[in-house]
Amino acid sequence: MNDAMPIRLLLCTDLDRTLIPNGREPESPEARPRFRRLVARDGVTLAYVTGRHRALVEQAIADYALPWPAYVIGDVGSSIQAVTVDAEGTAVWSPLPGWSDELAQTWPGAAALQALFADLTELRLQEAEKQAPFKLSYDVPLDLNVDDLLARLRKRLEAAGMRANLIWSIDETAAVGLLDLLPEQANKYHAVTFLMCALGCDENATLFAGDSGNDLEVLTSPIPSVLVANAHADVRDRARRGAAERGLSERLYCAKGDWSGMNGHYSAGILEGVAHFRPDLLTFVEPESGR
């Protein structure tokens, strides 16, 4: 699975409100062009790590002029696909071997899980196109006690002898809570480490960028990670606390802004993280006037 050229950096980034500037905060205008120049360099391999499915990833690439990645970890870590773009500009998606087999070992199936929670009116099943073979997704009102809801769901799963990973996040734009039920092994951290293993990458050649609650497993892991400056204060506090509890504070960088004249939001924060962890790549992210 290794590329012909050794990977100097496997850059794994979330999309919404991390690379995509679709939050409330403004974007530094030069940030995305500089990001595109970085990932176009030889030896830099780009992976998107997102809750989006294939069609929504392609829509984001078109809408925001994003570079095509080499890999997409989609559906909140429940799918991993290699992406190649042919001479006509058509993207070809291919599942990464082995990941589905690993997930299937403990997955009870979306239908069984949906039946288990059918009486819970606070859970609203998301549209069919947002579901996936290894993902069951609900919208949840934000005025609920989230900790209580998750505890009740886990109690039901245990009583039924089922195992699932519960991932909670917030869509700030839509003002709604998002609950994803995944196989026990399916989360962004395990998916990223699976991809690292497939590519022969170690932690020193990997960088993750995120902004939300469903990124915390990676943000508090041994993988060098950057939390963009537009992340919610609660996520920032939880990330810092979680990394400190694991003795991994040096592996987490929280973008502050003011680096290279940019505000640290979205792709500016990703570049700031690259500058922090990989100063050897700084020349790849300089603005046009500095090249």
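Looking across ALA47, ALA31, ALA110, one residue alone is in contact with a Leu (Cβ under 6 Å, 6 or more places away or on another chain) and surrounded by 14 or more Cβ atoms within 10 Å (Cβ to Cβ). It is ALA110.
Would you say ALA164 is surrounded by fewer than 19 Cβ atoms within 10 Å (Cβ to Cβ) and either among the small types (Gly, Ala, Ser) or in contact with a strand residue (DSSP E or B) (Cβ under 8 Å, 6 or more places away or on another chain) (or both)? No, not satisfied. The single condition among (1) more than 21 Å from LEU195 (Cα to Cα); (2) free of Cβ contacts under 8 Å to residues at least 60 places away in the same chain; (3) in contact with a helix residue (DSSP H, G or I) (Cβ under 6 Å, 6 or more places away or on another chain) that LEU46 does not meet is (1).
The number of residues in region 61-78 being farther than 12 Å from ASP14 by Cα and aliphatic (A, V, I, L, M) comes to 5. Is at least one residue of region 196-207 surrounded by fewer than 23 Cβ atoms within 10 Å (Cβ to Cβ), farther than 18 Å from ARG241 by Cβ, polar (S, T, N, Q) and in the same structural domain as PRO279 (by TED's automatic domain parsing)? There is at least one residue in region 196-207 that is surrounded by fewer than 23 Cβ atoms within 10 Å (Cβ to Cβ), farther than 18 Å from ARG241 by Cβ, polar (S, T, N, Q) and in the same structural domain as PRO279 (by TED's automatic domain parsing). When we screen ASP147, ASP63, ASP86 for residues that are surrounded by fewer than 19 Cβ atoms within 10 Å (Cβ to Cβ), farther than 22 Å from LEU195 by Cα and outside the structural domain of ALA191 (by TED's automatic domain parsing), the only hit is ASP147. If the condition is being at pLDDT below 95 and at positive phi, then region 44-76 contributes ASP75, VAL76.
If only residues of region 80-94 that are modelled with pLDDT under 95 and not aliphatic (A, V, I, L, M) are counted, the one that is nearest to GLU127 (Cα to Cα) is THR90. Cβ-Cβ contacts under 7 Å between residues 6 or more apart (or on different chains), taken from a first residue in region 181-192 that is under 20 Å from LEU113 (Cβ atoms) to a second residue that is among the aromatic types (Phe, Trp, Tyr), are listed as LEU182/PHE134; PRO183/TRP107; PRO183/PHE134; ALA186/PHE134.
ASN204 satisfies every condition listed in (1) at pLDDT 95 or above; (2) on the phi < 0 side of the Ramachandran plot; (3) not hydrophobic (A, V, I, L, M, F, W, C) except (1). Condition check for ASP101 on (1) part of a helix (DSSP H, G or I); (2) modelled with pLDDT of 95 or more; (3) over 17 Å from GLN131 (Cα atoms): one failure, at (2).
The values are calculated or read from the model by the stated rules, or taken from the named source; none is laboratory data. All values derive from a computational prediction rather than experimental measurement. Backbone-built Cβ (ideal geometry, glycine too); neighbour counts: all protein chains shown.
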